[in-house]
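Q: Please see the structure below; I have some questions.
The values are calculated or read from the model by the stated rules, or taken from the named source; none is laboratory data. Quick caveat, the model's predicted, so the values are computed rather than measured. Positions of Cβ are backbone-derived with ideal geometry, glycine not excepted, and every protein chain shown enters the neighbour counts. The accessibility values were calculated without ligands, DNA or RNA, using every heavy atom of the protein model including side chains. Shrake-Rupley method; radii C 1.70, N 1.55, O 1.52, S 1.80 Å.
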Amino acid sequence: MKWSYSLRELRRRPLRSGLTLTGITIGVAAMLSIAITIETTRRAYGDMYTTLAGRAALEVVAIGDGGFDAALVDQLSGTDGVAVAAPVVQMPAVMIGPKGRLVVMVIGIDPERDTAVRDLKLRAGKALAPGGAVVLLDAAFAAANGIGVGDDAPVITRTGGVRLTVCGLMEPGPISAFNAGAVVVMPLSTAKKRFGLGDQINSVQLVLEDDDRANAIRQAVQTSLPDGLSVRPPAARADLVRDTLLSTEQALQSFSIMSLVAGAFIILNTFLMNLAERRRQLALIRALGGTGKQVQWWLLREALLLGLTGTAIGIPLGWLMSFGMLGSMQTLMGVKLSAPVPGVMPFVAAAILGPVMALAATWVPARRAGREPPLNGLTAAAGTDAIESVRRWPLVVGVICITLMAGICVILVGEHLPQRSNEKILPAGMALLMIGGILVMPYLLMPVLRMVVWGLGPFMGFEGRMAARHLDRRRVRTALTAGVLFVAIVISIGFGNQIRSNLRDMDTWYERTFVGD
Amino acid sequence: MSVRHAILGLLAEGPLHGYELRSAYENELVPQSRLNAGQVYATLDRLLRDGLVHHEVVAQNDRPDKKVFALTAQGRDELGRWLGHASKVDLDLRNETFLKLMVARRLPEGDWRGVIALERRGAFERLHQATQARARADRDATPLSITLLLDLAVLKLEGLLEWLDRCEEALGKETP
Amino acid sequence: MTTTGTRTTAIALHGVHKVFGESSTRVEALAGIDLDVGAGEFVAIMGPSGSGKSTLLHLIGGLDVATSGTVAVGGEDLASLNDDQLTMLRRRKIGFVFQAYNLVSVLTAIENVALPLIIDGIAESRANERAGRALDLVGLGSRPDHRPGEMSGGEQQRIAIARSLVAEPVLLLADEPTGNLDSVTGDQTMRLLRRLVDEEGQTVIMVTHDARDAAMADRIVRLRDGRIVEEQTLPPVKSGADVLASLEGLDAPEDAP
């Protein structure tokens, strides 16, 4: 059978094919752009921590990149083999420059101990003085934003706002390379006091007396550390980035999977509609000597064509979308991000995913259509289909999916698993929950529908009752449509919340600024 | 069917003698029909008597003289009157099949089903002939008069067969 | 193939029963059918609705399987075939003509006709060549690229007939082929079937409720309640003039004096 026949079938219903195509395109684009965004963000964080480390061979950080008590610094300084232990705090912030708001990273260092870790060469002005309300800026960054030595530098973080003075400009070097120059370096004591951090720091960088003994020292330090802290080479901190990004990545990956599932359900929905309309045609093919396999393959090929087309559109679209997403990530994480990094894997995955998604969604109904005896379709009056029987297996599978998701929740809440594995489990769990929800929906939908019909009965009139009857007749499709709506609502609510909470954060920052003024 | 008016119609085209009239009727007007000579002359005599036609004798050298008939003005009027009035619809309901069915239905041993089957076989046989003759008529450029008669035959037979179906259904209800 | 006398048998049915449903919903659609159809024969199956005539056609066409009895097409017992083998039988030995034409709307006339060959995996050029010949046979050779929607009902049914012929089947099965047509195009369709029997030696089995269509066949089989209640072989047709001569009532009646 020729491919052009399949194309003609698809063109016969341009709207429906277009809808299916949109579903696939969005799924592929979302998946690709999110994969690129995650990869680019990870890489940016990795680079950031490596440059920050300077001469330090080891560093102590909290798992999850949170804060810990500064009292540890003295303990670490006294450890055998450690020459200097330099504490560092860091936090995303907004600086108000002459040209407007700048997203920056605040780095708080101990000016005395830090000289052992890295050299801060000054192009202009003076070095940091301990306890002073002063900051160092990257020379190029300052120049680009019209800031000079002696200028005011209002800095706002989530925990407070403060007006500081620029005391010096740095030559390009370890710190200024960090976050593409968008850094504000200030004395640790000032940062702690002004931002209300108490005695919390984010990392302690260890310069060793002998780097060859790094392994032994690492083991010694690790045993002395309280739970939740870890010592490792700075490069390995890139792994910790994953933990830093965990919640955001999970949200993004869940969105990515939801888009795929939604896309698959859109395909399935329109495909079932097609099948009902084409029963007679398919029966005819069987009567003319087409095998069930041929019919199945004929149908799958249409899905495959849509899958390939959707992928072809979705990949460039996803690449474009990744620029926008990186912009949002930059705002969200307070990290300066480079242009998207086009790794090969996301593209390969997207290219496979589109067609596979289309085939997976249509496989079962296509197979069933192929197995239907030709006589059923030939004797059915044109355009009619029997009331869809609701089978038991979707209920069973749906309940299993939801139970699995509940199990995952228990495991996550109880923290029975290492944190790293959450990242993989949570999106999968989201997908399970959605698939389960959609499968169970027909069983919930019909009683609900009947209740609505019963309740509204007197007000609905004839047309309303007809519509309800029609929905009842095509249960599977009605449930699928409801399922797609459900997914769309979940996505909108999820994203709406995230945007709202980001906006609230911004509002808080601004309020603090005005209070600070 | 009125031979009288058919003759008036043929004469309206131009004067004809008896033999010509007869062959025009048999070959052109009503194909495959037979009109006997006696009937032609008897009809002509009546038409002469009523003043609808007149005739003149044409002398022939080697044969007996022949009479050539032509329409009078009165005859033309009569022809117009005939064409201008609706015919009595030919609806002979007293057919033999009906009679047989009515008899068979009343007799205790009467096999009306057998009657229907026989009548149907006969009708189908003739319909088989008529439909195929009609199909050939289209292919073989048969005169219009013939194809129209075949159509009439096909439709009448179809009607008869449908009527037999109804008889079967109705009688079946009466004596299951 | 089995041979009876000089004529080969296209299909042979013996003691065929077909039962639908079970116990309380049990319906015996066919209650013991014996029927032989010779090659090149044109058989019409008649009967009131529910008499089992469509079921009979489906069994002969391998679209359904008999509950008991044997259905042999071209000497092959259908009961011994699995689903794939039945599919192959339909593909190569049987041509279907349906009441609703059942053409694929997105395909052109010639593509519709070539469909059974394309399904059979025959190369497109070869399939089109054969489809072109089948279209010529039904008188639509000049319109190969029209879509079904651009053609009249009669033309669509002729395309369907061309499609049923294209694989050169042993048997052509027609289910109410004139059911959706007006009487003129219906007659044309019936004459086409008749011509295929007379000139191409095609075997045709047709289900119809229309007496005029049935009268075009060589034999009429009448079904009631799943049984053959009557069979009538129609005599060969004489010339058109003979037919006319045998029709009475044409002789001139006596006029009233």
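Q: How far, in nm, would the chain grow between A:GLU171 and A:MET466 when pulled straight, counting 0.36 nm per residue and subtracting the alpha carbon separation?
A: 98.6 nm
Q: Moving to a separate point now. Please compute the per residue accessible area over the range A:58-232 with all protein chains in place, 1.4 Å probe, rounded to a whole number of Å².
A: Heavy-atom accessible area per residue stands at 39 Å².
Q: Keeping all protein chains in place, calculate the accessible area per residue for chain C (probe 1.4 angstrom), answer in Å².
A: So chain C comes to 40 Å² accessible per residue, rounded to a whole number.
Q: Another one. State, in square angstrom and to the nearest 100, the accessible area buried between chains C and A, both chains counted, probe radius 1.4 Å.
A: So the total buried area for this chain pair works out to about 2200 Å².
Q: 5 Å is the cut-off here: which amide hydrogens, built 1.01 Å from N in the peptide plane, fall below it relative to B:THR72, excluding neighbours closer than 5 in sequence?
A: Amide H to amide H, under 5 Å and 5 or more residues apart or across chains, B:THR72 pairs with B:VAL53, B:HIS54.
Q: Quick one: accessible surface of C:THR233, probe radius 1.4 Å, all protein chains present, in square angstrom to the nearest 10.
A: About 100 Å², rounded to the nearest 10.
Q: For the pair A:SER4 and B:ARG63, how long in nm is the line joining their label points, each one 7 Å along Cα→Cβ?
A: Distance between the two pseudo-spin positions: 7.3 nm.
Q: Over what distance in Å are the Cα centres of the range C:180-221 and the range A:82-115 separated?
A: The range C:180-221 and the range A:82-115 have Cα centres separated by 95 Å.
Q: In Å², nearest 100, what accessible area do chains B and C bury in total when the solvent probe is 1.4 Å?
A: 3400 Å²
Q: Also, I was wondering about something else. Within 10 Å of each Cβ in peptide C:211-222, how many partner chain Cβ atoms are there on average? Round it to a whole number, please.
A: 5
Q: Between B:GLU174 and C:ASN82, how many nm apart are label points set 7 Å from Cα along the C-beta direction?
A: Using points 7 Å along Cα→Cβ, the separation is 5.8 nm.
Q: B:SER87 accessible area, nearest 10 Å², 1.4 Å probe?
A: 100 Å²
Q: For the range C:86-153 and the range B:9-34, what is the separation of their C-alpha centers, rounded to whole Å?
A: 53 Å
Q: Give me the percent of accessible area attributable to carbon and sulfur for chain B, probe 1.4 angstrom.
A: It is 54 percent, rounded to a whole number.
Q: How many nm is it between the label spots at A:ILE411 and A:VAL397, if each spot is 7 Å from the Cα in line with the beta carbon?
A: 2.2 nm
Q: Keeping all protein chains in place and using 1.4 angstrom, which order do A:VAL60, A:VAL344, A:VAL84 fall into by accessible surface area, from largest down? Present the calculation step by step, with values, prior to reporting the outcome.
A: Numbers: A:VAL60 0, A:VAL344 105, A:VAL84 35 Å².
The ranking, largest first, comes out as A:VAL344, A:VAL84, A:VAL60.
Q: Debye calculation, C-alpha points only, no solvent: report log10 I(q)/I(0) for chain B at q = 0.08, 0.14, 0.18 Å⁻¹, in the same order as the q values.
A: Results for chain B at q = 0.08, 0.14, 0.18 Å⁻¹ read -0.44, -0.90, -1.12.
Q: Out of residues 5 or more away from C:GLY32 or on other chains, whose amide H comes under 5 Å of its own, with H placed 1.01 Å from N in the peptide plane?
A: Placed amide hydrogens put C:VAL16, C:HIS17, C:LYS18 under 5 Å from C:GLY32.
Q: For the range A:1-114, how big is Rg over Rh, using alpha carbon atoms and the Kirkwood form of Rh?
A: 1.33
Q: Can I ask one more? To the nearest 0.05, what FRET efficiency results for A:LEU404 and A:ARG101 with a Förster distance of 51 Å applied to their C-beta separation?
A: It comes out at approximately 0.70.
Q: If you roll a 1.4 Å probe over chain C with all protein chains in place, what percent of the accessible area is carbon or sulfur?
A: With neighbouring chains kept in place, the figure for chain C is 47 percent.
Q: Within the range B:34-49, find all residues whose amide N lies under 17 Å from a label point positioned 7 Å from the Cα of B:SER145 along Cα-to-beta-carbon.
A: Those under the cut-off are B:34-37, B:40.
Q: Kindly tabulate the residues in the range C:165-205 with an accessible-area decrease of at least 30 Å² between the chain alone and the assembly of all protein chains, using a probe of 1.4 Å.
A: C:ARG191
Q: Using r as the Cβ-Cβ distance of A:ASP227 and A:ALA83, and R0 as 25 Å, what FRET efficiency do you calculate, to the nearest 0.05?
A: Once rounded, the FRET efficiency stands at 0.40.
Q: Here's a follow-up. Determine, from the Cβ-Cβ distance of A:MET345 and B:ARG121 and an R0 of 60 Å, the FRET efficiency 1/(1 + (r/R0)^6), rounded to the nearest 0.05. Walk me through the numbers before you get to the answer.
A: Values: r = 81 Å, r/R0 = 1.35.
The value I calculate is 0.15.
Q: Still on this structure, please answer the following. Work out which residues of the range A:272-297 lose at minimum 20 square angstrom of accessible surface when the other protein chains are put back, relative to the chain isolated, with a 1.4 angstrom probe, and list them by number.
A: Residues shielded by partner chains are A:ARG280, A:GLN281, A:LEU284, A:ILE285, A:ARG286, A:ALA287, A:LEU288, A:GLY289, A:THR291, A:GLN294.
Q: If you count only protein heavy atoms with a 1.4 Å probe, what accessible area per residue comes out for the range B:3-83, rounded to a whole Å²? Each step should come with its number before you reach the end.
A: Working: 4680 Å² over 81 residues.
Solvent-accessible surface per residue comes out at 58 Å².
Q: With a 1.4 Å probe and every protein chain left in place, tell me how much accessible area C:SER68 has, in Å² to the nearest 10.
A: 50 Å²
Q: Scan around A:VAL134 for amide H atoms under 5 Å from its own, H built in the peptide plane at 1.01 Å from N, and keep only partners 5 or more places away or cross-chain.
A: A:THR165
Q: Two-decimal Rg/Rh of chain C from alpha-carbon positions, Kirkwood Rh? Write out the running numbers ahead of the final one.
A: Working: Rg = 19.9 Å, Rh = 19.5 Å.
Value, to two decimals: 1.02.
Q: Moving on. Cα-Cα over 30 Å: which of B:LYS67/B:LYS88; A:LYS99/A:LYS121; A:LYS99/A:LYS192; A:LYS2/C:LYS18?
A: B:LYS67/B:LYS88; A:LYS2/C:LYS18, as the Cα separations exceed 30 Å there.
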